[in-house]
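Heads up, the thing below is written out as structure tokens.
The values are calculated or read from the model by the stated rules, or taken from the named source; none is laboratory data. Since the structure is predicted, the reported quantities are computational estimates derived from the model, not experimental observations. Cβ sites come from the backbone with ideal geometry, for glycine too, and all protein chains shown count toward neighbours.
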Amino acid sequence: MSPVRTPAPTATADRGYLVSGGAPLDGTVSVGGAKNAALPLMAASLLTDEPVTLQRVPRVRDVEVMLAILAHLGTRWRWDDPDTLRLHTPELVSIAPPPALVLKMRASFELLGALLGRAGEAELVMPGGDALGPRPVDQHLKALRAMGASVVERGGTFLATHRNPLRGQVRFDVQTVGGTRNALLAAAAAGEEVVLENASTEPEVLALVDLLRSMGAHIDRLGDATFRLTARRREVRGDRPRLRGACARVIADRIEAGTFMLAAAATRGRVVLDGVVPGHLWAPIGKLAQAGVVIRPLGPGRLEIDARRGPLRPLEVVAREYPGFPTDLQPPLTAFLATVPGESRVRDTVFGEYRFAYLGPLRRFGAELDHAADRVGVRGGPLGAAHAHAPDVRAGAAILIAALAAPGDSVVTGLDHIERGYFDLPRRLRAVGATLIELSSGR
Ligand code: EPU
């Protein structure tokens, strides 16, 4: 395969990373808290008038957006140390998160359930977030309505209300992480008897269940994908049930961990991950081991990823709901496979055809990719340096991995996307031996 060298994209005014790639990563990286777990925990803090303290919160862009929304709703917050966040909403001052902020990220839609639970009403515009296809909210609405809430849409704004305790049985047509969390948030405080079937059971959903339980919600898990919420043990103060304050430590970010694993593998390096939950990573660990990467536990929360000895083998991988291979690691996985000689096949059943916006940028590095619908065929081989722009957060991770693996100087722009989900990446990549500097203009 001959690496394709293309001129810089037109978005050179964007900030970028200059990456001198081709050297194996080598070192230890401490994995941070998961953004996708932290955001719903922050929304859950609205369900009580007592303080909620969250530890190991990643200070990424999406967390800052959520803080700005919460401040508008009446939450007082402060960082107690670099990653401990104290949130306190003695009184709600608004039930309408500002549209301009809601449009910045998908997770803001989970405030619908949280506000319904706290105030009995909410007003929210259709959320924004990464462009991964239509991303409908029909299942969120179906769940809230099945529990007895009224949700009407007027000119792109959803108005949700409920008067009585929420009761009902919901069967999700598709497993949805955000839809499940929205229903849990609404029912945790205001539910009397709610059953959620075919619910999502991603670790980031279970982390929310854990916090809600410690705030006083009564939630049983019945079988694999069913939750039952009851009013048992819950305190009623004033005219509405209230949960109490609590403290939680955000779970380790399995997607960040997986990204470092794949970067180590793509550069044929060795990285030790510190602070991970290996049980959340079985699918990526299994697939990398199948490819020939050596993965060893080094003690509690420590994993060694060693790809120095090779040779590596191509893979067939299907991204699906947990405990399957995570869709958020599908783009970084393809970038790794683009470095592995032979033919790999990758399929994404979660976002289907919509999670392949990174293929164009990856081809700039010389990757041979054959895309049809929800599948991509990868003919792996050596990559060459290139300039590429990240269209979304995980696409950004894929492009960075290609840049780290490709000998020569690459420029990766689109940092606004990457920084939505990865904290302090340049410093942490340098700590594992990457040569990378930040460019203010992308040139
Ligand atoms: N879906 C529907 N109707 C709905 C909701 C979802 O058809 O009402 C479909 C979606 O279109 C998609 C599938 O169901 O095809 C799964 O979507 P889901 O609702 O599970 O995803 P999400 O809640 O919007 C979260 C993460 C995503 C992650 C997905 C899947 C957060 C803030 N976001 O999104 O994270 O990809 O679950 O695991 O937790 C990322 O971090 O890069 C990211 C996109």
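Worth a mention:
- Looking only at the stretch 10-46, residues that are away from the ligand (no atom under 16 Å from the Cβ) and assigned to a loop (DSSP other than H, G, I, E, B) come to 10 in all.
- Just one of the numbered conditions (1) within 28 Å of Ala207 (Cβ to Cβ); (2) in contact with an Asp or Glu (Cβ under 9 Å, 6 or more places away or on another chain); (3) not hydroxyl-bearing (Ser, Thr, Tyr) is not true of Val277: (2).
- Applying the criterion of at least 1 residues that are within 16 Å of the ligand (Cβ to nearest atom) and under 30 Å from Gly275 (Cα atoms) to the helices (runs of 4 or more DSSP H) found wholly in the stretch 47-162 leaves 61-73, 111-119.
- Qualifying positions in the stretch 185-211 - within 16 Å of the ligand (Cβ to nearest atom), hydrophobic (A, V, I, L, M, F, W, C) and under 21 Å from Val52 (Cβ atoms): Leu185, Ala186, Val205, Leu206, Ala207, Leu208, Val209, Leu211
- Residue in the stretch 248-270 that is surrounded by fewer than 24 Cβ atoms within 10 Å (Cβ to Cβ), touching a residue at least 24 places away in the same chain (Cβ under 8 Å), acidic (Asp, Glu) and part of a helix (DSSP H, G or I) present: no
- Filtered residue count, the stretch 319-341, keeping only those that are near the ligand (Cβ under 9 Å from one of its atoms) and either over 17 Å from Glu353 (Cβ atoms) or free of Cβ contacts under 8 Å to residues at least 12 places away in the same chain (or both): 3
- A search for C-beta distances below 8 Å between a residue of the stretch 165-177 that is among the small types (Gly, Ala, Ser) and any residue that is within 16 Å of the ligand (Cβ to nearest atom), counting only pairs 6+ apart in sequence or on different chains, returns Gly168/Ala146; Gly168/Met147.
- Residue in the stretch 421-429 that is in contact with a Lys or Arg (Cβ under 7 Å, 6 or more places away or on another chain) and crowded, with 22+ Cβ neighbours inside 10 Å present: yes
- The lone exception for Ala13 - which of (1) at pLDDT below 95; (2) closer than 23 Å to Val277 by Cβ; (3) of a type in the set (A, V, I, L, M) it fails: (2)
- In the stretch 278-318, the qualifying residues are those that are of a type outside the set (A, V, I, L, M, F, W, C) and over 23 Å from Thr339 (Cβ atoms), and the one that is nearest to the ligand (Cβ to nearest atom) is His280.
- Looking across the stretch 349-402, the residues that are under 23 Å from Leu425 (Cβ atoms), over 22 Å from the mean Cα position of the chain (by Cα) and among the small types (Gly, Ala, Ser) come down to Gly360, Ala367, Gly384, Ala385, Ala386, Ala388.
- Comparison of Ala119, Ala143 shows that the only residue that is surrounded by 15 or more Cβ atoms within 10 Å (Cβ to Cβ) and closer than 25 Å to Cys247 by Cα is Ala119.
- Residue match in the stretch 226-242 (condition: within 14 Å of the ligand (Cβ to nearest atom), within 23 Å of Leu87 (Cα to Cα) and among the basic types (Lys, Arg)): no
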